[in-house]
Ligand code: HEM
C-alpha cells in the first residue's frame, strides 16, 4: 500500500474514531444528564452519527479509488458491517427525532413526549455500543 493510501485511510480513521467517541460518549452523557441539559449533547450525538454515516463508507470509497475494487471481505466481516450500517441508520433517525417539535401532537399528555424522548438515549447508547463491538469483528475478520 502506498504512503498516500495509508495517509488517506489514517485520516478517515481519525474522523471515524472521534465519531465513535461522540456517539458512545454523547449517548451515555445524555442518558445521565438532566433532561434540560440534553439538547446540546443531542447535537453532539447527532453530529457523531452523521460523521459515522459519512466516514464509514469513505473507507470503502478510498479502497475503490486506490484499488479499483471494494475489499473482498468474508461473511463475518459483512455481518459486522451490516450491523454497523443498521446501527447508524437507527441511531441517526432516533436522535434526529429528538429535535421533532412534536408537542402539538401530544398536547393531551404533557409528560408523554418527555418520557418518549428520554427513551432515545438508552437506545442510542445500545446502538453505539453494538456498532463499536461490531467494529472489532470487522477489523479482525476483514
Ligand atoms: C455506516 C456505518 C459504518 C461503516 C460503513 C463503517 C466502516 C468501517 C470500516 C470499513 C472500518 C475499517 C475496518 C478495518 O480496519 O478493516 C471501520 C473501523 C472502525 N469503526 Fe466503523 N463503520 C461504521 C460505523 C461505525 C460506528 C457507528 C462506530 C462506533 C460507534 C464505528 C467504530 C469503528 C471503530 C472503533 C473502528 C476501528 C476498528 C479498529 O481498527 O480496531 N464504526 N469502520
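Here are the numbers for this structure:
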read-out	value
Among the residues listed as 85, 73, the single one being under 11 Å from the mean Cα position of the chain (by Cα) and either modelled with pLDDT of 95 or more or within 12 Å of the ligand (Cβ to nearest atom) (or both)	85
Condition met for residue 30 (near the ligand (Cβ under 10 Å from one of its atoms), touching a helix residue (DSSP H, G or I) at 6+ places or on another chain (Cβ under 7 Å) and in contact (Cβ under 8 Å) with a residue 40 or more places away in the chain)	no
Filtered residue count, region 88-125, keeping only those that are within 16 Å of the ligand (Cβ to nearest atom) and either loosely packed, with under 15 Cβ neighbours inside 10 Å or not in a helix (DSSP H, G or I) (or both)	4
Condition broken by residue 129, with the remaining ones in (1) within 13 Å of the ligand (Cβ to nearest atom); (2) within 30 Å of residue 3 (Cβ to Cβ); (3) modelled with pLDDT of 95 or more; (4) in contact with a helix residue (DSSP H, G or I) (Cβ under 8 Å, 6 or more places away or on another chain) satisfied	(2)
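The values are calculated or read from the model by the stated rules, or taken from the named source; none is laboratory data. Owing to the predicted nature of the structure, the values given are computational and were not obtained by experimental measurement. Glycine also receives a Cβ, built like all others from the backbone with ideal geometry; neighbour counts cover every protein chain displayed.
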